[in-house]
Every structure is written in C-alpha cells, then in structure tokens.
Amino acid sequence: MKSTSSNPLTFQELILRLQAFWAERGCVLQQPYDTEVGAGTMAPETFLRVLGPQPYKVAYVQPSRRPADGRYGENPNRLFKHMQLQVILKPPPENVQELYLESLGAIGIDLRQHDIKFEEDNWEAPTLSAWGVGWQVMLDGLEITQFTYFQQCGGIDLLPICAELTYGLERIAAFLQDVDSIYDIVWARDSETGKAVKYGDVRLADELQFSVYNFELADVEKTWKHFELCEAECRRLLESYAGLAGDKGNTDGFAREKSRFPLLAAYDLCLKCSHAFNILDARGAISVTERVGVIARVRALAVGIAKAWVDQQRTGPDERSTQAEPASEKKIKKEALSSVGS
Amino acid sequence: MPDFLLEIGCEEIPARMIDAASQELRERVGALLVRERLGGDAITTFETPRRLSILASGIASTQEDVSEQVTGPSAHVAYKDGQPTQAAHAFAKKAGVDVSQLERVSTPKGEYLVAKVTRKGRSAAEILADSLPKEIATIYWPKNMYWRKPNERFVRPVRWLVAMLDGQTIPLEFDGIPAGSQSRGHRILTDVAVNISRAGSAYVDALRSAKVLGRAEREQQIRKALDAATRTIPGAQWREDRSLLETVVNLTEFPSAILGAFDSQFLALPEEVLVTVMRDHQKYFAIQDANGKLLPHFLAVLNTDSDPQGLIRHGNERVLRARFNDARFFWETDQKKSLLERLESLKHVTFQKDLGSYYEKTQRVQRLCSWLNEQLKQRGIIVRPGVVHKAACLAKTDLTTELVKEFTELQGIVGGLYARVQQLDTTLPEATRLAIADAIYDHYKPESTDDSVPRSLEGAVLSIGDKADTIAGMFALGLVPSGSKDPFALRRQANGIVKVIAEKKLPLHLRELMQDARTGYHKSQAEKKFVDDRKYLESIETFFRERLDFYLRDVCGYAYDVVKAVLGADSDDVVDALARAEAVKRVLHMPEFQAIGAACKRMRNILRQAEEKGNAPAVSAEPLPDSAQEEKNLFTYLQQSGANVEDYRKRKEYLPALQLLATAREPVDKFFDKVMVMVEDQRVRANRLALLRMLLKEFSTIADFSEIVTEGKS
C-alpha cells in the first residue's frame, strides 16, 4: 500500500506546486537568500519585512544551515542543511488555516484520507529576540509544518502581526514518495528517459563534506576572528546610523542620508556572525560561560538593526512599493464560514 | 425561562489549556448570572480544541424590577408652611416621581423625605451582550496572543461566536466578531456551516451531526476504539495512561483509533526508550501482553472517523520507524564513548548561568553525598559509599549523549541503562556495577508526588544530594519560587527530598542538609552573587516548611490543624514530624485533648497579655507556701509526669507520651477553675506565669495544641 498517489510529486515538483499555490494567492515569490541562515525566518524577507506597518506576502525556499545537526550523510532523517518553504502573510487573513490546508490539497494530499492535527508549539529565537505562538501541524503523526503567529521580532512588538508557515520540504517529500531515507527522495525525473535523480545524488557530498568541516576541520581561531570582524563591522554601521538619527534637524538631505543607509548590509553581517557562532558551537569551541554571552552579542546586533530598520522605514520616502493587491485578494476562495453574521 | 448558549469558536486551543479555561468560563458565566439576578439552573460546558461553549437553562428573560426607597432632604427643609420647597421639587425630579408621591419617614435624626423608586429590570439579552465580552476577555491563559489589536488577547484567534437565548441571537461582539447562530463542524469531515436553531440540546445535536463531540463522549469513543483495536491481538491490553488520554481527548473533535505495528527487532532497545518515543513524541499508547511485556504494536488516536485505505496507519508506522531508527542510531553512537569518558565534556554543559557547569555540580554533589553518607552512618544507617560516589560522579554524564539530547525526559534513565551495559571499571564486581546503574537510573525520582522514590538507599542519597544542591544554589542566588513562578521546578525537587526522606525513613535534618549544600558553593564564582547566609536560611526554612506541610496534608492526608500543630513544634526532621502527626491524629478524638487544646490557647493568651503589660514570669516556677492547692497539684503533676513524658519523647514514642499528657487535663482544668493567674501580688503572679510557661512548653514539644480546631470536630 503506497501513499496518497501512485505517481507522487518529485522534490522539485513539490516546490513548484507550493510556489504556484502561494503565488496565485498574492505572494511575491522570492529566491533563497544568498547568505547562510539557520532558518527561513532569518532571511531579511522575514526578519525585516515583518517589522513596521507595511502589509506583505511572500513565499520562498530557504536552504537552512545548522552545522551541529550534520550527520555526515549517514542518518536517513537528519541534515546539516535542509530546505524550508517559508510563507509570510502579513497581516494573516482570517482564513489562514483554511488556506494552509488547501495548499496541502495542491500537493496531492487528500485530507479526507488522512489525519491532520494542529498541536501547540510556540516558537522562540533568542538570537533574534523573536517569538510567536502557533502549532506544529501533524499529518498522520508526522510534523510537516511549523505554523506561527509572530508576536515580536528584534525585540519589537509587531503591528500588524504576521503568520509564518514553514513547510519541511524533505519530510513532506519523503512522506509523499513513501521513502524512509531523505537521500532516497526523487528530486527530479527526466521526462524523456524516466531516469530519476535522487536527493542523495544532489546533496550527499554536501552533507558529508560540511560535516567534516564543521565538526573536524573548521579553524576555531579563524572562525572566531571571522565572527569578531563581522561583529565589529556591523556595530560600526549601527553606530553611524545612530549618529544620523541623533543629529540635526529633519531636513530633506538628512532623510535621504538615512533612507540610503545600508542597514541591509549590517543585517548580512549579523547573519555572518550567527553562522560563525553555529560553526564554533558544532566544533565544541564555545565554553559554558561564553555561550550565553555570545548569543547575547548576536542578539544585540539583531535588535539594533530591527530598531534602526523601523526608524528608517518611518523616515525615508519608501521606494519599495509593497501595497496590498486587492485584485489578487479577491481570487482567494472565501471560506464559506469566514464571516458569521447574526 | 429561556435556554442560554455561548460558543467561542477559535483556532486550535492547546490541549493542555482547554479544561481549565472551560471551567473558568463556566464559573465566570455562573457568577455573572447570579450577580445580574438572571437565574440559571444547570450550567454545563462543551469544549473541543476549536470551541469553548457554555449552556445554561432557566434564564430569566428580564431581571425583576427592583423597588428602592431613596432618602431625600429633611422634612423641615422640604416643606415651608406645608408647601413643598425648591428642595422637595428637586428631589422629586431627581427620583423621577411627582412631589405628591413623596413620603415622610422618621429617623433618629428627625423626619426625612423618601421616594419609592422602581428600577426597571434590564433584559437578559442586553445584560449578556454587555457583560460577556468582558468575561471572555479575562479568561486566564498560560500564554496568549494578539492577532488584530495588541489589547485584544486570547489563546489563539477567535473566528466565530454563537450567543443565543432560545432561538434568539444575543447581539454581542468580541474582538470585532459579531455573535450569530452559525457554528462550524469538524474541520475535515464536514465543510458546511452548522446552523444552530436554538440554545439547549439542539446545539449539541447539531454539532454531533457535524462530527463534533463533547469531552465525555470523546473519551468514551476513544476508550472503545482503543479496546476494539487491542482485541485484535489475543491477550493484549493497552497501557492505561491518564495524562496521555486527556491529551488526545483534547486534540480531537471526532476521535477514532488505529492499531499499528513496528518491527519486533526494535524490542531490543530498552522499553523506556520505546515507550518515551511512543507516548511523549507521538502520543501513541503502548500495548503489552498478559505478562506486561511490551508488544511491537501501538495505538494512535486520530481526529477523523476512519482509515479505510490504511494510509493513516501506514504513515504513522513510517514515522515511528524513523523515530526508532534514530533512537537505535543514537544508542549505538553513544556506546562509542563511555560515561566515564564523558565526564570531562560536562565542563561544556551549563547547569545554570551563574552556578557554572554540570562538571562543577557533579563535584559538589559528590561532596554533599559523602556528607550524607557520614550523617546516616553516625545514626546507624549504612550506605555503600563507593556506590554513591561513583553514581554521583556519572549521574549527569548522560546529558552529553545523543539519546538524551533527543529525548530529554530520559535523563538519568539513559545514564542508568548505559551504566548497566558498560564496563565502568574492570575491578568492580557485577553487583556493585548494577547498584551504581540503579542509583543513576533513579536519581531524578520522584518526579511528582505520585512517582516512586529511588529503589536503593544509594539512589535515595544521590537523589537528595542532587536536588539539595540545586535548591541551595538557586536560593543562594535569591531565585526563590513565588506564586506560579518556579522555572527550575524547585518546589517539585523539594517535595522529592521530603518524600524520599519520609519513605526511606532517613534521620536527616533539613536545616543541616541545606546548610551543607550551601557550603558546597564555598569559594565558587557564583558566591559573589549570593544573598547573605541569614537570608538564605530563612527562605530555605520557610520553603521546606511549606513543602513538609504539603506532604503531610496533600500526600499523607493529615488534617490541616494536625499538620499546623505538628509543624508548630518543629519542621526540621521529616520522619519525626510524620511520627508526631500520626500520634496526634490518634489522640485527637480524645475529649482530654479537646480540653487541652483549649487550655493551651488560654495559656498562650494569658502569657501574651502578661508580656504586653510587662508582667514577666519568674525564672522558674516553684510551689510557694501560700500557693493554692490546685496550683500545688499542677506543680506536682508536672514534676511527676513531666519526666516520664520526656522519656517517651526522647525515645520518639509519641503515642504513649501523648496519652500520658492527656492525664494533665484534670489538674489543668481545676487550676483554671480555681486559680486566678493575674493577681495583684507580683511574686505569686510571676510564679504562676512561670508555671504556665513550663506547662505550655511541656505540651508543645510534640505539637502546638493551641492550633487544634476544637469546635465541630468529630
């Protein structure tokens, strides 16, 4: 007895279907962020976009690196780098849960044939000073999605809040294809020859080599140096932004200075620090007494950037046009019960 | 008398919070109905993950009118020459009546005008629409959120509301959502709106047809489904698990169950690991054979009606297989490094940010355990010091294993299991090695008041040492639990210490134990942040007294006043307090002790009042030539029986000691009947006060009898 369908989606079809689903519902399709992150949440498309009043809807795949989770490609369920499909809906529509369930239909899961549960799971990221409440979505006993209503990010209360849907792509693909090892997932199938390319073919070397590097060969001293350089540069930027904010009157020229200030670059540096910290941690190079302190240093950068970012969005003429699109809003099938009248 | 219905429709409420919130909502609505004089007979609740509902019958459609008498100005101001003045007119206008309807009443202060005013009762719908939103908003949630405006908080977004009196909608609104008569059914099994025709049983019926069941019905349906699925395996039974059952009841709206299987080769893994994976991670029930041995099957509770194609079973089996494979992988990986080799890595595991690493904790606990061994040895209890020492050394090393990192709830247990299979030390005899393993395995026990204590004395010592070290460090840092704040579960750990001491009958003194535990931090980094010793000991004593109080009352079931009396005498020695509580409980029914309790209260009051007036008792009491006969008798009694009571007491034979004390009733009663204590003569008075003080002290060594509740005691 096989899973839902006799012809299950390949890994890349799964991604394409989910992207198409959310694109049709008004999401901007972003591409994976090109700096190492530990989770889709850390990409600026989430961390920075959730701040401030601007509505935004975005979906993107984010390869997420967690050096300590590496297993040299030997464990069938664990990866150093896994893929998340991240959806941010800001503000969350009233029927956000129903939309999510519909997206499962789009990847071939007939919910009538399965057991779905929303089980409490609250999320917290101390390095980002971010947290939210929500659920892990369980499909036949498998956690397939993290569903979170963000409440705070970078230490700032969010208004409006957003819903974050994080699909665990490898898990879902393994479920759909009914395979026991992630490495056996069919990534792509050549439509002419029918030949399958497996997840292992694409990524196994990646897993092995990065496990060796992160656990055995990463130079602790140089990684520390890397951390410190990025931290210093990030702080320098934050200090000069603070100088702008503290200075003079609110002239046009001053506003322009502020709005072109590279806070996005500062955030990249913060992400670099976070990744260096993860490598040092995997390497066992961070002592008990240091650990809390280092996390606090990364958090200080993230919180500083979030504050500055909100300030920058308020001051500068906002060149990023991110208006909600009423036309696409209408396309969303209104859930029959979403407005209950008396 | 209409029926009332309120349904708060919500996104999935965390299972652990549903029951308490539902109960609170019921109490709130009940109190509201009473406060607003709206009657209401039976109030029942209906709760699922997606709704909290209240049903009540016999609601008054409107409040009864209330007539009140309002007092106005005095008559001589209100009337001049028999005519109403401006004051009378103003009062009549304010009260809403005609001047001619005003009446006069006589009061001690003279004659006053009154008006009889009728306040119209408001309609139930109006009151409920006004008040219910406030009640809903104030429900307590351990963690809540906002989704629209920051000041609108609930556990998860509220998506619909139903509020009705019979068939009529109550026009209320909560967080922007107007109440109506439309509910929603099961998420997957139905996809239509559920129209509620009227409040009352029609609501429950409508939901049942929409595949939504009430709590009790769900539990029943789950039990039946579990039984039915288990019956397919001859002789098998599912393992009853109350908290798991409550969880799955509150994770489902329309439950069913499936029986799944796993490869029997996984049974080679320890049962503890398999059960933890199934119960804590997958919320599955384990199945055992008639001898209690685990079978390679599991039961999963679903939130849907069936699994006709077996897809759900297949999926769950797949997940469990992966989990078990992981566990096996971790188990095998962990064996590459022995517990002994892991000791060093504890330097990298934080115990608490100010208290340093687990390596440092290990050293402290070893020291504290040696002290405990010594204390017990001096009091005639022999603990194998080598076993305790080695077990304490290895107890925390499993924190560095993959298995514990994955299944944190197995800490201690995994250490014990590994110690059992590993060669700890080639020179150790097998029995010693197993004793060490058992002590490690048990050292987190008891994890709750229902949990058992460590099996061996060595395990008990380690359990006490480990917990005392944690409590000492936290209290020294000033991190004392308060109210619902107890992030390090210090109360549970202290309850554990009390329970282990009590059940193992260990002659230990809490004060000494906690003083020595504090000594373990001597000259550590953390000490700079510590509160001073006096403050430390004070907070520790209060804390442990509360824990002992809890143990005697809630665990052993002793009455409130017995416990208060017993702990009033002393709360340092757990075993002794238990023995005293038992003795006091047995003699309490004797009329003598009812009288002695009253006498003790009287003595205490007299002594207190004397002290307040500056009347000091004599240094010691002695029979004076001019003493009353009753006074001399009491003195003689004290001298004769006092020594005997003391002998019993020293041998901890509290029952005979108390029985002997009971004979004091007669001389005491007679003394109070005939003798006046607070006489003019300073010498006589001081002597009598001294006598009372001696007597009170005599009575109070076993229990403070002035705490005994005398009235209405059977």
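Per-structure values
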| item | result |
| --- | --- |
| Three-way shape call for segment B:215-334 based on the alpha-carbon gyration tensor, with the a/c threshold at 1.5 | prolate |
| Spin-label pair residue B:76/residue B:615, simplified geometry with 7 Å Cα→Cβ offset, distance in nm | 5.2 nm |
| Value of [θ]222 nm, deg cm²/dmol, for the protein assembly as shown, DSSP H segments ≥ 4, -39500 (n - 2.57) each, nearest 500 | -14500 deg cm²/dmol |
| Of B:529/B:650; A:225/B:143; B:504/B:585; A:81/B:347; A:117/B:143, pairs whose Cα-Cα distance is over 31 Å | B:529/B:650; A:225/B:143 |
| Dipole of segment B:71-224, positive end: most advanced residue of B:85, B:113, B:189 [Cβ charges, Cα centre] | B:189 |
| Using a Förster distance of 30 Å, the FRET efficiency for residue A:195-residue A:17 (Cβ separation, nearest 0.05) | 0.90 |
| Cα-centre dipole for segment B:487-562 with unit charges at Cβ (Lys and Arg positive, Asp and Glu negative), debye to 20 | 280 debye |
| Per-residue ³J(HN,Hα) for segment B:427-444, Karplus 6.51 cos²θ - 1.76 cosθ + 1.60, θ = phi - 60°, Hz, x for Gly and Pro | 7, 7, x, 3, 4, 5, 4, 5, 5, 4, 4, 5, 5, 5, 3, 8, 6, 7 |
| Residues of segment A:203-219 with amide N under 19 Å of the 7 Å Cα→Cβ point at residue B:405 | A:207-219 |
| Whether chain B is rounded, prolate or oblate, judged on the alpha carbon gyration tensor where a/c under 1.5 counts as rounded | oblate |
| FRET efficiency for residue A:112 and residue B:122, using Cβ-Cβ distance with R0 set to 60 Å, rounded to 0.05 | 0.80 |
| Length released on extending from residue B:662 to residue B:20, taking residue separation times 0.36 nm less the Cα-Cα span | 226.4 nm |
| Shielding of B:246-255 by partner chains, average beta-carbon count, 10 Å | 1 |
| Alpha-carbon centroid distance for the pair segment B:600-656 / segment A:88-164, whole angstrom | 72 Å |
| Difference of contour (0.36 nm per residue) and Cα-Cα distance, residue B:556 to residue B:624 | 19.8 nm |
| Global geometry of segment A:96-151, whether rounded, prolate or oblate, following the gyration tensor of its Cα atoms and the 1.5 cut on a/c | prolate |
| Relative contact order of chain B, pairs being alpha-carbon contacts under 8 Å that are 6 or more residues apart, as % | 7 percent |
| Centroid-to-centroid separation of segment B:406-473 and segment B:117-167 [C-alpha atoms, Å] | 51 Å |
| Partner chain coverage, peptide B:46-53 - average Cβ within 10 angstrom | 1 |
| Pairwise FRET efficiency - residue A:295 versus residue A:216, Cβ, R0 = 25 Å, nearest 0.05 | 0.55 |
| Cα lying deepest toward the dipole's positive end in the protein assembly as shown, options A:132, B:370, B:643, charges on Cβ | B:643 |
| Whole-Hz ³J(HN,Hα) from phi, Karplus 6.51 cos²θ - 1.76 cosθ + 1.60, for segment A:65-78, glycine and proline x | 9, 10, x, 5, 7, x, 9, 6, x, 8, 8, x, 10, 10 |
| Centre separation in Å (Cα based) which lies between segment A:170-200 and segment B:552-589 | 68 Å |
| Viscosity 1.567 mPa s, 4 °C: Kirkwood-radius Stokes-Einstein D of the protein assembly as shown over Cα pairs, µm²/s | 37 µm²/s |
| For the protein assembly as shown, size of Cβ-based charge dipole, Lys and Arg +1, Asp and Glu -1, in debye | 1260 debye |
| Positive dipole terminus of the protein assembly as shown, leading residue within A:209, A:84, A:149 (C-beta point charges) | A:149 |
| Test item: A:118-128 mean partner chain Cβ contacts at 10 Å | 3 |
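None of the figures in this text is laboratory data; all of them are computed from the coordinates on show. None of these values were measured; they are calculated from a predicted model. Heads up, the Cβs are rebuilt from the backbone with ideal geometry, glycines too, and the neighbour counts pull from every protein chain shown.
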